[in-house]
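Working notes for the structure below.
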Amino acid sequence: MSTAPIESSAGVNSVGIEDIEFFADDLDAERAAAAYREHGCLVVRGLTTAYLQDLKRDIEATAAQAIALLDRAKAVPEGWTTPDGTLFLPAPAGFKRDKQIMTLPISYRTSATFFRAAFDKKTVDIVEAILGPNIELFGDGQCLYKEPVGGHPKHLHQDSSYFEHRFQGPVATLNYVVDTDLRNGALHVVPGSHRMGTLAHVDTFSHLGLDENEWPWERALPITGQAGDSIFFHYRTIHGSQENHSDKARPVFINRYRRVDDYVIISGTTVENRAEAEKRAAQARKNEQRGLMVRGFRAYEDE
């Protein structure tokens, strides 16, 4: 693991892994939240270990299902989707298929273990220390599945380019399902970049991303880790992951949490459709976007 500090592009002090690293067995949620507020990210080692065996089983069953449905895939602006909702992208040269899985449709609606993991007490303790006592889930969970032999990169980007929120935006946890290093696609982050606002993104192979001439990988801090490690990041924190050059898949699962009063005002996956969504931002309403409560209470409030 590289622990050399980097100079954050947000103009904050140099940050190394030791500045954002915590351990599930000796976790202080308030200290972890303070690190998150300062750097826009943190890693908690071993946080989701208890869920791995069952969740890995469900992820691999979903991947096998998706591949079996590939002959029924339909083209969409982002790539191809199978009837179960799996998103495929073009495969690199030398792969056994012409399409590779990017996003699997495993979610809180298909996997009980995924749903239980979203309510993990230590995880939600940290989220509460960041967001406050009343927290809902944003979305149904997400699984990014890098297939082997060059599995797709996800260019450095901000999640806010995909789903800009009215207020603070969601806290995400990206959870390693297998041991993850620089060879199979470790997550990279730019500490402090959450203070920069939402930057202009461009269209890339993996949808919206930052211009790689301005944001090369060298500007980001790689976070290698073991299965069960969790990375928390602000939705404006710049992050991404490179290709999977191993001989096995590298799945991760993502949970997102937000305040009960927050909601999406702009969403998009390309420069064009995001620009169109920006024109309708004033029409967004919270009452159309209520997520499942993970902690606290939702009081009635007029729009």
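What follows draws every value from the coordinates through simple rules; no lab data is involved. Since the model is a prediction, treat every value here as computed from it, not as a measurement. For neighbour counting, all protein chains shown are included, and Cβ atoms are generated from backbone atoms with ideal geometry for every residue, glycine included.
Quick look at the values:
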quantity: Pair R109, K56: separation of 7 Å Cα→Cβ label points (nm); calculated: 2.8
quantity: Size-normalised alpha-carbon gyration radius of the chain, reference 2.2 N^0.38 Å; calculated: 0.95
quantity: Label point at A281 placed 7 Å out along Cα→Cβ; residues across the stretch 146-165 whose backbone nitrogen lies under 17 Å; calculated: 158-165
quantity: Length released on extending from A68 to D302, taking residue separation times 0.36 nm less the Cα-Cα span; calculated: 79.6 nm
quantity: For the chain: relative contact order, % (alpha-carbon pairs under 8 angstrom, 6 or more apart); calculated: 25
quantity: Fewest-first sequence of R298, R109 by Cβ atoms within 10 Å of each Cβ; calculated: R109, R298
quantity: Reachable lysines, given that their alpha-carbon falls under 22 Å from the alpha-carbon of K96 and they are not under 8 places away in the same chain; calculated: K74, K146, K154, K248
quantity: Cα-centred dipole magnitude for the chain, charges only on beta-carbon of K, R (+1) and D, E (-1), debye, nearest 20; calculated: 680
quantity: Proximal lysines to K121, defined as alpha-carbon separation beneath 27 angstrom and excluding residues fewer than eight positions away on the same chain; calculated: K56, K286
quantity: E212/E272 FRET efficiency (R0 25 Å; Cβ-Cβ; nearest 0.05); calculated: 0.80
quantity: The stretch 230-303 shape via C-alpha gyration tensor axes, a/c threshold 1.5; calculated: oblate
